[in-house]
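Take a look at the structure set out below.
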């Protein structure tokens, strides 16, 4: 999912959320979704910032996002809860100016 705000001051940015069922891991689905999201981001003249959040425990995902040019911006402590376990979230962004 790509989500953007209706507020004029925030319309230049979109947040990316990708979730793939465990059964589909390793099939290339995540990369295809990333390719489509990046293509949409780059082709949309209104967007200059694409951000995402990923669990700090998801090293494989973080590495994929880095390969796409996303840079780390900070950590949201206890940003996600899975069952009774909290995960920190790494905040990352891709800026058109950085490409």
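Extension gain for residue 20-residue 3 works out to 4.4 nm (0.36 nm per residue, less the C-alpha to C-alpha distance).
Highest mobility in the GNM of the chain, judged by mean-square fluctuation with C-alpha springs under 10 Å and restricted to 47, 36, 16, is found for 36. On the basis of the beta-carbon distance and an R0 of 30 Å, residue 38 and residue 59 show a calculated FRET efficiency of 0.90. Among beta bridges identified by DSSP and lying wholly in the stretch 2-98, the antiparallel ones come to about 85 percent.
Computed log10 I(q)/I(0) for the stretch 30-83 at 0.21, 0.24, 0.28, 0.31 Å⁻¹: -0.90, -1.07, -1.23, -1.33, from the Debye equation with unit scatterers placed on every C-alpha and solvent omitted. Considering helices alone, the calculated mean residue ellipticity of the chain at 222 nm is -7500 deg cm²/dmol, with DSSP H runs of length four and up weighted by -39500 (n - 2.57) and normalised per residue. The GNM of the chain, with springs linking C-alpha atoms under 10 angstrom apart, assigns the highest mean-square fluctuation among 79, 28, 69 to 28. Note the angle between two axes, namely the Cα long axis of helix 29-43 and the longest principal axis of the Cα atoms of the chain, as a number of degrees from 0 to 90, rounded to the nearest 10. So the helix axis and the longest Cα principal axis differ by about 20 degrees.
What fraction of the Cα pairs in the chain, stated in percent, has a spacing above 16 angstrom?
Values: 2854 of 4851 pairs.
Distances greater than 16 Å cover 59 percent of the Cα pairs.
Largest GNM mean-square fluctuation across 63, 15, 23, computed for the chain with C-alpha springs under 10 Å, falls on 23. For the pair residue 27 and residue 68, the difference between a 0.36 nm per residue extended length and the Cα-Cα distance amounts to 12.9 nm.
Coordinate-derived values only; no laboratory data. The structure presented is a predicted model; accordingly, all values stated were derived computationally and were not measured. When we count neighbours, we look across all protein chains shown, and the Cβ atoms used for this are built from the backbone with ideal geometry, even at glycine.
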